[in-house]
Each structure stands twice: as C-alpha cells, then as structure tokens.
Amino acid sequence: SSQFSFTILPGERIEEITFNRIDNNPFFGFSGADFYAVVGPGAAQDPVFTQTVGLPAGASLEGFLFPDTYQLPAAVTPLQMREIVTQQFLDRLDSEIRTEAQRQGLTLYQVVTLASIIQREAVRTDEMPMISSVYRNRLRIAMKLDADPTVQYGLAPRDGSWWPQITVADYQNTASLYNTYQINGLPPGPIAAPSLAAMQAAVFPEDSPYFYFRARCDGSGYHNFAVSFEQHLANACP
C-alpha cells in the first residue's frame, strides 16, 4: 500500500521511538539511527519550530515527537517524518495552553519538560493535574522535584531498559543533569513525549496544598498525596 501506520506512545523517549519502534517496523525505508540523526542532539532544526517552542541551541526534539498514530507515506524520509510529527505537535497544542503558559511566564519548552515528568509519573490521566500541583508547589518554593523518571532518564539504558528499576543509591549516585534529586528546578529538557493531557496538566494544575505523593498500595495506579514528609512516610505500603 502507499501508506503505513506508525504509533508513538505517550511517555516514550526518543531512543525508544527510533531504536525500538522504527527499527522493528519493516515498512520504513530508513533505520532508527537515520531518524535519530535528524531529531537527536546537535541536529539542525527547523528555525520556525525552534523559535515557536523555545528549543535551546543543539537540543534534541525529545518531548516534541507528538504521541499519536500516523499514516505515513510509503516513501517517507527521516526529514519528512520529523516534519509530520512536529507539525502534529503544533497542530494539537491548543491555544489555551500557549496563552496560559505565556501568562505564567513559562516557555513551551518548560511546559513540555514538566509535562514529560508528569507523563512518566502518572498512571491515570485523571490524576495528572494533581501530580502537576505537587511539582508546581515544589517549584514555587525552590524545593527539589525528586522525580524518579528523571533519574531513570540519566541512567538508561540499563538492564536492557530505557526506564530501568532504580535503587535508593541511584538517587545520589546518578551524576546527570537530569537527576532532580541532585539539581534544583526543572531538568534541562523533556525526558519523554508527553500527551496533550499531560501538557494541559502542566499549565492547569489542581490547586492543592500537597508536596508529596506515592503509589497507593491497592494496585489501582492512583497515588496518595501528602502535605508533610511525615504524612508521606505514613502513606508507605505496609
């Protein structure tokens, strides 16, 4: 056929999209490495897109390969595919998010960075605004984000995984600009491709007093939220 289907899932990082998805899809006329060469760090990016989203010089397109199912032309090239998925990002990003981000003094790059952490932390979409509130509350008082996915991002690949299991030692020992247990504020860029819901949550957080959250013990995918560290410890699973 003259088209084939290709899916990018929310929460996937560039290497998963390139080296897992593209390389395992027989319809592409190019390799994951070919695509990585145009979306990875140091690749020359479209100046209009760069300016629109506030992409720093030399940054990869991590976070901007919009999660969706695409119908790609059979003869698609890496540059055409980049154009398709980044254009989808711009098309789907509603003006409310842009306007509100601007009002809050946030660049789109910062929004996508925060949204990517929310995406990796949230199991349930309806909980994203509450998870966002915790991070927004922390950012407001210059408290470290302490987000596990940012540690994973700096560790990977490990044990054959792009999102490896982490230990307590990893929090302190993972020397990475993305490790929010070590650095203050947002990491230098996104860690994965956030869904539209995660981007909405980043700029429209719940209004909450919470500074902590941890997974509930019932396997539901929801979290227990806490104001104080003592409450947070009390929320641990028995």
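The values are calculated or read from the model by the stated rules, or taken from the named source; none is laboratory data. If you're wondering where the values come from, they're calculated on a predicted model, not measured in any experiment. So basically every Cβ, Gly included, is an ideal-geometry build from the backbone, and we count neighbours across all protein chains shown. Accessible surface areas use protein heavy atoms only, side chains included; no ligands, DNA or RNA. Shrake-Rupley method; radii C 1.70, N 1.55, O 1.52, S 1.80 Å.
Accessible area per residue (1.4 Å probe, heavy atoms of protein chains only) ranks Leu233, Leu93 as Leu233, Leu93, with the largest value leading. Across region 1-96, Cα pairs under 8 Å and at least six residues apart give a relative contact order of 37 percent. Here the chain is treated with +1 on each Lys and Arg Cβ and -1 on each Asp and Glu Cβ, and its dipole about the Cα centre works out to around 360 debye. Check each of the trypsin sites (Lys or Arg not before Pro) in region 30-130 and keep only those in coil by DSSP with at most 16 other C-beta atoms within 10 angstrom; list them in order. Sites meeting the loop and neighbour criteria: Arg124. Evaluated over the Cα positions of region 1-135, the convex hull gives a direction-averaged projected area, one quarter of its surface, of 8.7 nm².
Over region 71-126, what percent of the accessible surface lies on carbon and sulfur atoms, probe 1.4 Å?
The value for region 71-126 is 46 percent carbon and sulfur by accessible area.
Near Ser195, the amide H atoms lying under 5 Å from its own belong to Gly11; only residues 5 or more places off or on other chains count, and H is placed 1.01 Å from N.
Annotation: amide H of Phe4 within the under-5 Å range of Leu72, Ala74, sequence separation 5 or more or interchain, hydrogens built in the peptide plane. With all pairs of separate Cα atoms included, region 1-76 yields a Kirkwood hydrodynamic radius of 13.2 Å. Counting every pair of alpha carbons in region 87-151, the share spaced more than 13 Å apart comes to 69 percent. Magnitude of the charge dipole for region 82-212, about its Cα centre and with charges confined to Cβ atoms of Lys, Arg (+1) and Asp, Glu (-1), is about 300 debye.
Three principal axis extents of region 95-208 based on alpha-carbon atoms, in descending order, are 40, 27, 24 Å.
Protein heavy-atom accessible surface, 1.4 Å probe, per residue over region 3-116: 45 Å².
Remark: spin-label model distance Arg158-Val123 equals 2.2 nm, labels positioned 7 Å along the Cα→Cβ axis.
Divide the volume of the convex hull of the Cα atoms of the chain by its number of residues and quote the answer in cubic angstrom per residue.
Spread over its residues, the Cα hull of the chain gives 137 Å³ apiece.
What region 142-194 shows is 46 Å² of accessible area per residue, with the surface traced by a 1.4 Å probe over protein heavy atoms.
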